[in-house]
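Notes for the one structure printed next.
The values are calculated or read from the model by the stated rules, or taken from the named source; none is laboratory data. All of these numbers come straight from a predicted model, not from anything done at the bench. In this analysis, Cβ positions are derived from the backbone assuming ideal geometry, glycine residues included, and neighbour counts consider all displayed protein chains.
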Ligand code: PMP
């Protein structure tokens, strides 16, 4: 079967007949037909009708080095011939996993020198849940089991990942969270407490952690997990006061800090890690996505010296692992991806030049009558669609307007993501200034058209 033998309609028919998509309303999808993406290059993807679309989301926040890097294909090809698969169980290891572990210990913050490999971000967070409980058992505190997470967080879709996530709809559908997980409020200021100073708001949101630990009893709490900036929840950027206060609370109460860097890792905020942007010293740090720029499924948990020492020196067997932990082909591709990120100084260049340019231009969209707020850090940006700017009024059904805006955007040749009434971009780190201009122009045209459609309707 080659591309040319199938029309878009053929693909859509087959897709509807056999393929259950992630996070999808099947009836609605099959009525509308899926968008068939056939190939990609640089910052663009093409659909089966030949439309060229600027990928403002880098796939799913992951194609950090852009599409079409032959070096990664060649690394996979070489590794597939040499050793396509072997496991890291039963006293075995192999060069790609060892080499990637070494590189990760170099590029991540200095106190993170060990990695547990996984296949994705979700199972990285399953590993987190297992490892924090194991750690406290080894430390002689078996009651320290509860992990505190945040409402509207996203940590994955497995049972543990979805339980740690704070998505009400996921919980309702899956009879989740599982026991031993608690949630606190998120530091989402827009549209709430308008008279409160952002730092005051941030401090109060962080204090919810102290209150929850005290309510549950410090002796029962293992860890706090959070994304530096909530991604799938709508690019929620905490006020500057938030993280220092969270750090203080975790240290004061002897709680492990887990910083989920699945989106923010490998350059998304213009620094190698969100932990550097916010000056955090995570005890555990889940990673995925940008680790291989999405070219291969691979994730992991970076483990701090403090935790590693205990699990290495004081533990027996850790009864946990995946067939594909440290898969050789995925590891070889990830290592090549990290080599390119480093050698070409992609993160440093984005952080110094193109990301500030994206932020400056994105802020201009704040003048649009449909936009209540723009915000962003590095190569991550969002805007809030509102019914009225002053007084501030959100739409009654923000998801409907967001979906309309997203579909209009794709029609205009730009992938933006909608989370309710929040529009998001997270482009490849290699986006050029000219492509940023194209992104802004298409976003503005999309806002205009969405505005006209709503006003008409
Ligand atoms: N953590 C965060 C912060 C994420 O954004 C995601 C995915 N968007 C995950 C975990 C889960 O990763 P995956 O989809 O690779 O399982």
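Of note:
- Of the listed requirements (1) part of a strand (DSSP E or B); (2) farther than 30 Å from residue 270 by Cβ, residue 84 misses just one: (1).
- Residue within the range 285-293 that is within 16 Å of the ligand (Cβ to nearest atom), in contact with a helix residue (DSSP H, G or I) (Cβ under 7 Å, 6 or more places away or on another chain), farther than 21 Å from residue 95 by Cα and not in a helix (DSSP H, G or I) present: yes
- On the stretch given as the range 87-102, residues that are more than 13 Å from residue 298 (Cβ to Cβ) and not in a loop (DSSP other than H, G, I, E, B) total 4.
- The range 296-313 - residue that is within 16 Å of the ligand (Cβ to nearest atom) and buried (at least 24 other Cβ atoms within 10 Å of the Cβ) and, of those, farthest from the chain's Cα centre (by Cα): 302
- Scan of the range 323-340 for residues that are out of contact with any helix residue (DSSP H, G or I) (no Cβ under 6 Å at 6 or more places or on another chain), under 24 Å from residue 263 (Cβ atoms) and surrounded by fewer than 24 Cβ atoms within 10 Å (Cβ to Cβ), ordered by number: 324, 325, 339, 340
- Count - residues of the range 365-379 that are under 22 Å from residue 58 (Cα atoms) and touching a helix residue (DSSP H, G or I) at 6+ places or on another chain (Cβ under 8 Å): 6
- Conditions (1) surrounded by fewer than 21 Cβ atoms within 10 Å (Cβ to Cβ); (2) within 19 Å of the chain's Cα centre (by Cα); number of the one not met by residue 369: (2)
- Flag for residue 393 being outside the structural domain of residue 264 (by the TED database), at negative phi, without any contact (Cβ under 8 Å) to a residue 24 or more places away in the chain and surrounded by fewer than 20 Cβ atoms within 10 Å (Cβ to Cβ): yes
- Restricted to the range 221-242, and to residues there that are within 16 Å of the ligand (Cβ to nearest atom) and outside any loop (DSSP other than H, G, I, E, B), the residue that is surrounded by the fewest Cβ atoms within 10 Å (Cβ to Cβ) is 236.
- A search for C-beta distances below 6 Å between a residue of the range 224-244 that is closer than 18 Å to residue 212 by Cα and any residue that is in a loop (DSSP other than H, G, I, E, B) and more than 9 Å from the ligand (Cβ to nearest atom), counting only pairs 6+ apart in sequence or on different chains, returns 224/255; 242/187; 243/278.
- Test: residue in the range 40-48 that is in contact with a helix residue (DSSP H, G or I) (Cβ under 8 Å, 6 or more places away or on another chain), assigned by the TED database to the domain that holds residue 434 and closer than 28 Å to residue 433 by Cβ: yes
- Residue within the range 269-284 that is within 16 Å of the ligand (Cβ to nearest atom), touching a helix residue (DSSP H, G or I) at 6+ places or on another chain (Cβ under 9 Å) and not in a loop (DSSP other than H, G, I, E, B) present: yes
- Pairs, first assigned by the TED database to the domain that holds residue 398 in the range 445-457, second surrounded by fewer than 16 Cβ atoms within 10 Å (Cβ to Cβ), C-beta under 8 Å, six or more apart: 451/369
- Qualifying residue in the range 91-107 (condition: within 16 Å of the ligand (Cβ to nearest atom) and touching a residue at least 24 places away in the same chain (Cβ under 8 Å)): no
- Within the range 18-30, if we keep just the residues that are part of a helix (DSSP H, G or I) and in contact with a helix residue (DSSP H, G or I) (Cβ under 9 Å, 6 or more places away or on another chain), the residue that is nearest to residue 436 (Cα to Cα) turns out to be 29.
- Residue match in the range 44-59 (condition: under 21 Å from the mean Cα position of the chain (by Cα) and in a helix (DSSP H, G or I)): yes
- Hits in the range 250-268 (condition: outside any loop (DSSP other than H, G, I, E, B) and either more than 16 Å from the ligand (Cβ to nearest atom) or within 17 Å of residue 341 (Cβ to Cβ) (or both)): 250, 251, 252, 256
- Test: residue 318 is within 13 Å of the ligand (Cβ to nearest atom) and not in a strand (DSSP E or B): no
- Tabulated pairs, the range 109-138, first more than 21 Å from residue 297 (Cβ to Cβ) and touching a residue at least 40 places away in the same chain (Cβ under 8 Å), second part of a helix (DSSP H, G or I) and within 16 Å of the ligand (Cβ to nearest atom), C-beta under 8 angstrom, 6+ apart or interchain: 109/275
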